[in-house]
Each structure stands twice: as C-alpha cells, then as structure tokens.
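See structure below.
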Amino acid sequence: MGWFITQSLAFIIIAALIGLAIGIWIGWLTWGRRAKGKHTAAKAEAAARSAAATTASDADSEAGAENAAEADTAEAEAGTADAEPVPALAVAGAAATDEASDAETAVAEAGAAEDAVPAEPEAEAVAEPEAEAETSGAEQEVETAESDVVAEAEAVARKAAEEDAAAKAAEAKTEAPEAAVVETPDDLRRIEGIGPKIAAALVAAGYPTYAKIAAATEDELREAVASQGIKFAPSASSWADQAQYLVDSDADGLEEYQDYLVGGQERRAKFNEKVDYADVDEIDGADAKAAAIAEDEAEAAAEPAAEPEPGPQDLQRIEGIGPKIEAALKAAGYTTYAKLAGTSEDELRAALAAGGITFAPAATSWSDQAQYLVDGDEDGLQEYQDYLIGGQDRASKFTENVDYADVDEIDGADAKAAAIAEDEAEAAAAPEPEPQDLQRIEGIGPKIEAALKAAGYTTYAKIADTPESQLREALAASGIKFAPAAASWAEQAKLLAEGDEDALQEYQDYLVGGQERRAKFNENVDYTDVDEIEGTDAKAAAIAADEAKAAAGGDAEPSQSEVKA
C-alpha cells in the first residue's frame, strides 16, 4: 500500500509540473503575439508587464506546489487511515495488478517528466536576460524616438516662425510705399456734373485727383461710381475733359468748355473752341435756353472749316534723316515738318525705337531743322545745316552771325578739322547778343521773363525761333505751369526782332491779355485794344465790333504797316 501511495504522489507532482510548464509556454507565446508589431514604447511596456507576470506565475506555481504537497499528504494520510481496516481480499490482487501496470506507466511518464524538469529553469534563465535586454533596448528606442520627435517639432516650429517673419517683412515692404504716397484729394466739385455724393464715391473708388479722372475712360468712371451705389451719372462723358483742363491749369479753357456743357452734358453739336457759348445753365426758362443753344450752334456752324493737314512731306530734307529713318518716323505718325518741329527729341527716339532703329545721333537737331522748313526759311536752314556735321551739333554752340563752312562737303580729315577750327574761332570772336526786354511781349511778366532768361532765351530772335512746347518746358523747369499767352510769344518776338513796331502794335491790339481771339487775326482790320477798355460789357462790345469788321473782309482800311510798305 505504501508503494501505491508513493506512486500516486509522484504522479500528481509530475502532472503539476507538466501543467505549469505548458502554462508558461502558452503564456510566453501569447505575450509574443501581442507584443509583435507595436510601437517600441509599447514593446517596452509589454516587456515590463511580461516580466511582472512571470514573477507572479512563479510565485503562484510555488504556492500551487505547496498546496499540492499538502493536499497529497492529507490524501495519503486519509488513504492510510482508510486502508488499515480493509482486509486482503482476492479482488485486491487484481486491482493491485491493474494499479501496478498504471504505476509502471506513471513511472515511465515521470521519468520523462524528470528529464524535462531541469530544462525549465534553463529556459527561464535564458528568457529573463532576453526580456531584460529587450526592455533596455525598448527604453533606448523610446528615448531615441522621443528625441527625434522633439527635434522634428523644433525644426517645424523654427521653419514656421521664419516663414511668418518673412511674410510679415514682405507685407511691411508692400505697405510701406503705399503709406509713403499720400494723395491729397482735389476739389472734384469743380467739375460740372459732380456733386458731393459723386465726389465722395470717386474718392472712395480711387479717383481722388483731377489727373486720375483725366486719365480714366468714361466706362471706368461709371464703374467706379456704380461700385459705390450710384447708377445715374449722365454727365460722366465730360468729366475726363474737364479734369484735363484742371490738370493743365487752363481756367479759361475750362470755363469756355463748361459754358458749352448743359448740366455737365455735351450738346448735340460738337464743341468748338472758337465759339463763345452762352452758359445755358444760368439762363432761366426753357425757351430762352433753347434759343441760346440754337444761337451757339448757328455760330459754330458758321465757323470756317479748319485747314486740312498737309500730306506727307519729304523728311529727308532734314540732315541726318535717310530713307529708313524717314519710313520709321512716318510709320509713327510724324509725316510733316510741323509735327517734327513740335516734338521732343525723346519722343522722336521712342518712335524710331518702335521701328527697330536705336542709333540716330542727329536726332537732337531735327526739330530745329524742321522749324526752319515750317517757317519757309530756306536761307536759315542752309546756314544751320552748314553748321551741322552729319546732322549733329558741333562742340561750340550755333551762332547765326558766323558763316560756317559746310564741312560735310570737304574731303580729307585734315581739311575738315581746319575748317571746323576756323569756324569755332570765328564763333568765339562773335559778340554775344545782350539780353533784351522780354516784357515787351504781351503775356510776359517779370517772373516769366526771369524763367525764360534762366533757360537761355534772352533775345527776341531766340524766342521767335523756339516752338511753344519748348518755351512751356522752360517755364515748367522754373515751376511755372500756367502761361495761357505762350502761343503768341513767337509771333510777337518775330516782329520785335524785325523791328516792325507798327505791326507789333497792331497784333497786340488784336490780342486779349496776350491770347488770340476766337476769330483769326486779319491784318486788314484795325483792332481796338480791348485790354485798355474798362468794363466787361464795353470789352465784349468792342470784340464783337472787331469780329464783325473781320468777317466783312476787305472793307476795312489798310493797316499802318501796309501804308508804310
């Protein structure tokens, strides 16, 4: 019986050990599957949990073994107590035989189990360092990952800060010029047809000045006021023209144009600068307004048609202009001497550049040569072209008192150089003309005289030979923009240069404040000097009488200059 108990206990212990080993193996496989594919930080945490679980399982196994041993002891004692009174029956022999065979089987299994039992501690011993190594490696990977994440976050933050700073700097640069340029709004209500609401709408839409309105189209202006909620603006078609008069500081021209307008709108008949329109807006009564408009339109219709512009002229008469340059100038619209004479050098060069010509050294003299041709002064043109060399000015300034040799017709470099030296010596010896009293020209006062003389226009001859545009440029360089009488200065200066005092007096009687009247000057008319008449009505009556006399033509008495001739 003792042998049977011993065999049973051994079987129970072996079974418990085998169950424990299988449980540990299954737990190990389960832990490995769960840990696979997770983040390194999760792996480290799982490893820690697994280590804790292993420790707990070992403790549980020891407790289980102790409990099993106690249970076996108790069972053995119980078995002993139960077995003592049992007699040795024949049946016990058969049972003992069966149990013996079972015991032999158990012993064999126990032997196998005993062979496997020593391997368990070795597996645990190997697993524990591996778990510790994996745990330390996972911690290192976690630390590396955290440092990488922090570094990447810092780099992203730095890049965002740099981009933000660059955007703010660019925005500051963009806004700085806009803030520096502050446009002072002009009084837009000076434009007929613009009231307070329309003026505010134009300013809000970006048209605060006369210059911007003058440069805008009617459609753009209508869109500007429409964007501010104003849809009705019948006089918008005239705003740009009125603004241009204000830009040019032409108060007389603006007043004349506004007299032509009716409520800011143009009349049916086209505007004619030579017609003295009644300001219909100041006339009461529809019939009276209609009569005034009809009278103005009849006067405009009676005006003689403007002289047709001459056809294209031979620009090659101007030294320095050949076939290619002539073609480029005509393609740009410069077909006559008058157009060349009234055009600046920069504009002419721009016209050539548009035609693909970038080299034109003689362009500085073209306007002056063209002016001689406009005036029909063939002798003056010949003298000036003798002074030129290939169309270009010489080193010394042109002097009319010097008889220049035409160097272009001289052969040999030495002979040309000798001729140029002789001409320059003669020019140096010629006395400079003394400045003359420019205030004898009607429309020139002390300020304008000082500005002209500062620009080199000191004599009547120089002013007579200078286009109006160049005289205005000279004034603008001194800050003078308003010179309504400049159109008549060259003609007055020409009469002074020729010493024709009677003709000058007659021409100045025709002028009104230095400006030409609506009717063209007629030498056969003895004009009243309106500037010496006091009273607006008296002046108007005198002008009307003079114009009626001019319209009558040859019935007037001959002028003093004609009698003298």
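The values are calculated or read from the model by the stated rules, or taken from the named source; none is laboratory data. Note that this is a predicted model, so its numbers are computed, not measured. Counting neighbours? That spans all protein chains shown, and the Cβs are built from the backbone with ideal geometry, glycine included. Note: accessible area is taken over every heavy atom of the protein model, side chains too, but ligands, DNA and RNA are not part of it. Shrake-Rupley method; radii C 1.70, N 1.55, O 1.52, S 1.80 Å.
A few remarks follow.
- For the range 182-270, the solvent-accessible area works out to 53 Å² per residue, with a probe of 1.4 Å and every protein chain left in place.
- Ranked by how many other beta carbons lie within 10 Å on average, peptides 237-248, 496-507 from highest: 237-248, 496-507
- For the range 464-540: rounded, prolate or oblate by the Cα gyration tensor [a/c cutoff 1.5]: oblate
- Highest-first arrangement of 15-25, 254-264, where packing means the average Cβ count within 10 Å: 254-264, 15-25
- A protection proxy built from the mean count of other Cβ atoms within 10 Å ranks the segments 523-535, 207-219, most packed first, as 207-219, 523-535.
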